Every structure is written in C-alpha cells, then in structure tokens.
Amino acid sequence: MKSMTILYTIGDSLYVNLTNRCPCNCTFCVRHEKDSVCEGENLWLEREPSAEEVIEEFKKRNLEDYKEVVFCGYGEPLVRIDELIEVSKYIRSVSDIKIRVNSNGLADLVHGKNTAEMLKGWVDSISISLNAPSKEEYNEITKSQFGLKAFDGLLNFAKEAKKNIEDVQFSVVDCITEDQIERSRKISEELQIPLRVRKMIE
Ligand code: SF4
C-alpha cells in the first residue's frame, strides 16, 4: 500500500519524506521491515511530491510547534537536492527553525558534482551514515549501487560538508561489531567529524 505522507512528526521534530529512491540497499534498513517509523503513517509514496506540494504541506503547519525540520523519509533526500533546497529556501523565508538532513553521503556520486557546497546556507546540520570503517565492509553492509567507489565518495562528501555546513556528524548503527565501531571512530577523529552510534530500529 502507498500513500502521500509528505510531512510526519517524531517527538518535536518535523520530518520531510521527499523520495523513496536510494542508491543503497542496507542490510539493516528499516524499509525491509515496516512501512512506517512514525505512528501509522505509511512512508511509501504513491509518487514523489513536487517542491510546491511540499511547501503547501508546510503552510498547514505552525513551525513554532517544532524544534527542527529533518529531511529524511523512506529514501535518500539528497537524491532530490534541488527540491530540498527549494523547500529549505521557503522554510528560511518564514522561520529560523533548524534544518537538518539525514543522508547516506552519496549525493556527489548520484549527481556527479560537489553537492555539499550547494547546501551552504540552506542546511544547518547534516548527519551522514558512515556505516563502516572500510570500502569493502561498507559495500557489504550497504550494497551500494556504486560498489567500491561509494565509500571514498562518502568521505569526500563529508569533507566538503564540513566546509559548507555548520554541524556535521557521522553515524554508524550498533549492528556492526565493536571493532568496526572503533575503527569507524578513528576515521571520524581523523576527519574531525563526531561519530554517533545509533541503535538499530527494531
Ligand atoms: S541509505 Fe538509508 S534509506 Fe537507503 S537503504 Fe540504507 S538505510 Fe535504507
């Protein structure tokens, strides 16, 4: 079953579901297990909403009710970076609410250009899924369509994000081993990007 759930809330964050497309097929992806991460809202889209449709949904909300807007959803939001920026521009025109993106960090490979610099001024914070400490292990976990190129693409994106976005974080999911988490931590220290260890969603 599909729906048109464009905005949804988790706690006091307002989430945006721009797309179901993603260049990965992570072993731990919540999309394998369920249709929703919020109460009853099906996040499989009938079709991708236009930026105008997303903005219309924002107009129905009072942004003062939320502490942040998060581009996340059931896919990789930066696959639709142009629409994401257009929506962020609208948000910025009406509010100074914090804007965060949860990303797999592969947008440069998807679009064939430096995408982090496009986000400058429109995004306050980005969380990038590091997922693993090496290109081989990354590939095993994410089954990225970019194969062994993916991990270096992600690291380059993260370095550029650090130059263009105020708050950049890496994350790994705690389904990997302690040793993999420690080696991921070393990469995060080298790049001076903090690492968050996320609990796997049951
Ligand atoms: S990058 Fe995110 S949305 Fe894509 S498969 Fe992995 S966990 Fe799922």
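Figures for the structure shown
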item	result
Residue count for the stretch 108-127, restricted to those that are in a loop (DSSP other than H, G, I, E, B), more than 16 Å from the ligand (Cβ to nearest atom) and closer than 21 Å to Gln192 by Cβ	4
Selection within the stretch 179-197 - polar (S, T, N, Q) and either assigned to a loop (DSSP other than H, G, I, E, B) or within 20 Å of the chain's Cα centre (by Cα) (or both)	Ser184, Ser188, Gln192
Search result, residues across the stretch 151-161 that are out of contact with any Phe, Trp or Tyr (no Cβ under 6 Å at 6 or more places or on another chain) and either part of a loop (DSSP other than H, G, I, E, B) or surrounded by 16 or more Cβ atoms within 10 Å (Cβ to Cβ) (or both)	Gly153, Leu154, Leu155, Phe157, Ala158, Glu160, Ala161
Subset of the stretch 128-150 [polar (S, T, N, Q), crowded, with 18+ Cβ neighbours inside 10 Å and within 11 Å of the ligand (Cβ to nearest atom)]	Ser129, Asn131, Thr142, Ser144
Qualifying positions in the stretch 162-178 - open to solvent by 70 Å² or more (accessible area, probe 1.4 Å), of a type outside the set (Lys, Arg) and part of a helix (DSSP H, G or I)	Glu178
Those strands (runs of 3 or more DSSP E) lying entirely in the stretch 1-93 with at least 1 residues under 20 Å from Gly121 (Cα atoms)	13-16, 68-71
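The values are calculated or read from the model by the stated rules, or taken from the named source; none is laboratory data. This one's a predicted model, so the numbers in the text were calculated from it and none came from an experiment. When we count neighbours, we look across all protein chains shown, and the Cβ atoms used for this are built from the backbone with ideal geometry, even at glycine. Side chains included, ligands, DNA and RNA excluded: accessible areas come from the protein's heavy atoms. Shrake-Rupley method; radii C 1.70, N 1.55, O 1.52, S 1.80 Å.
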